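The values are calculated or read from the model by the stated rules, or taken from the named source; none is laboratory data. Keep in mind the model is a prediction, meaning the values are calculated, not measured. Cβ atoms come from the backbone with ideal geometry, glycine included; neighbour counts cover every protein chain shown. Protein only, heavy atoms only, side chains kept; ligands, DNA and RNA dropped before computing areas. Shrake-Rupley method; radii C 1.70, N 1.55, O 1.52, S 1.80 Å.
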Amino acid sequence: MTNPLGASPAAAAAGRELFATVCQVCHGSVGQGDRERGGAVLNMTGLRHGDADADIFRVVRNGVVGTQMVAFPGLTDQQVWQLVTFIHSLQNPGSAAASATPAPGDAAAGETLFFGRAECYKCHGV
């Protein structure tokens, strides 16, 4: 199964927005993972359950038994393919899909998180 949206910057942008609402809480804003929440690193190749389009689609759709990765059966196939496209853009920053315009951010919310409960400031400078 090949991603029909694989080379689409628009699909990557839509996937980025969906990722921010559905996946980011466990996998981090750029797929860096979160060991505490059980979210795997997604921004590099060599994913535990496979890097192929079909592998990522299957994991998003069905989850992974015995892990924190839950199934997302409520997402449409198009939404899952958008997520696959975005994840591949994280793994391959030079790809056509990765050239999508970044999703807008909320600087005030980021600052609150940076200096608040995430305590990013403890390791990272401004």
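What to note about this one:
- Using a probe radius of 1.4 angstrom, the carbon and sulfur fraction of the accessible surface of the chain is 56%.
- Angle of helix 53-62 to the longest C-alpha principal axis of the chain, folded into 0 to 90 degrees and rounded to 10: 70°.
- Candidates THR112, THR85, THR76, ranked by Gaussian network fluctuation over the chain, Cα under 10 Å, top entry: THR112
- Here the peptides 60-68, 35-43 are ranked by packing, the mean other Cβ count within 10 Å, and the order with the highest first is 35-43, 60-68.
- Read-out Rg and Dmax of the Cα atoms in Å, derived from the coordinates shown; its label in [x] 14.1, 44; [y] 21.3, 60; [z] 14.8, 44: [z]
- A crude spin-label estimate for the pair VAL22 and ARG117, with each label 7 Å from Cα along the Cβ direction, gives 2.3 nm.
- Under 5 Å, built H, 5+ apart or other chain: amide partners of GLY39: ASP34
- Averaged over its residues, the chain has an accessible area of 62 Å² per residue, based on protein heavy atoms and a 1.4 Å probe.
- Using θ = phi - 60° in the Karplus curve 6.51 cos²θ - 1.76 cosθ + 1.60, the 3J(HN,Hα) couplings for the range 44-49 round to 8, 6, x, 4, 3, 9 Hz; x is entered for Gly and Pro.
- Our coupling estimate for the range 85-93, obtained by passing each phi through the Karplus curve with A = 6.51, B = -1.76, C = 1.60 and θ = phi - 60°, is 4, 5, 4, 5, 5, 5, 6, 10, x Hz, Gly and Pro reported as x.
- Accessible-area value, MET1, 1.4 Å probe, nucleic acids and ligands omitted, Å²: 140
- The range 1-63, relative contact order [Cα under 8 Å, separation at least 6], %: 23
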